[in-house]
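Q: Please find one structure pasted underneath; my questions will follow.
Read-outs: derived from the displayed coordinates by stated rules, not from any lab. Bear in mind the structure is a predicted one, so any value in this text is a computation, not a measurement. Don't worry about glycine lacking a Cβ; one is built from the backbone with ideal geometry, like all the others, and counts go over all protein chains shown.
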């Protein structure tokens, strides 16, 4: 079962309760990166890690909203945001409980940082009714995904 684990760090929140706010030029400390690298290596060695990345702060983002037939683009930061994702891990584990156990091992949540990891299962096409699977089939998309996997 595939799960996306979203890192929601306090530095990325509109009003961080602790520490520094992620603004222009923000970077985590070398110590924090070293701890996170060890955690990432543990997931890789366990054979569950599919992908991971960190995201730039809100300041560098944009939000595209569709409402009433109109498209609106808002550049970051987004003051109305309550929780902001700072990165993710894509893992393949046996159960939600396994994904939660891995999330609990993350060094960011072991200290009193205020960080949160949200764990969400990814839909598998086999879970969808046949007519939905047929509507979503796209040879072009599948070829692009395979091509990009080979690049990695």
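Q: Given the Cα-Cα distance of residue 60 and residue 26 and 0.36 nm per residue of separation, how much length would full extension add, in nm? Present the calculation step by step, with values, prior to reporting the outcome.
A: Values: separation 34, 0.36 × 34 = 12.24 nm, distance 1.12 nm.
The residue 60-residue 26 span can extend by a further 11.1 nm.
Q: While we're looking at this one, here's another question. Sort 104, 70 so that the residue with the fewest other Cβ atoms within 10 Å of its own Cβ comes first and the one with the most comes last.
A: On the way: 104 11, 70 7.
With the fewest neighbours first, 104, 70 line up as 70, 104.
Q: Given the -39500 (n - 2.57) contribution per DSSP H run of 4+ residues, what per-residue ellipticity at 222 nm results for the chain, rounded to the nearest 500 deg cm²/dmol? Spell out each step's value before the answer.
A: Values: 5 runs with 49 residues, N = 152.
When only DSSP H runs of four or more count, the value is -9500 deg cm²/dmol.
Q: Oh, and also: What ranking of 74, 29 emerges when the number of other C-beta atoms within 10 Å of each C-beta is taken as an exposure proxy, fewest first?
A: Going from least to most buried by this count: 29, 74.
Q: For a test of the definition: using alpha carbon positions, the gyration tensor, and the 1.5 limit on a/c, classify the chain as rounded, prolate or oblate. Show your work: numbers first, answer last.
A: Numbers: a/c = 1.89, a/b = 1.18, b/c = 1.61.
Because a/c hits 1.5 or more and a/b fails to exceed b/c, the chain counts as oblate.
Q: Sticking with the crude label model, points 7 Å out along Cα→Cβ, report the distance from residue 150 to residue 92 in nm, one decimal please.
A: For the pair residue 150/residue 92, the computed spacing is 1.9 nm.
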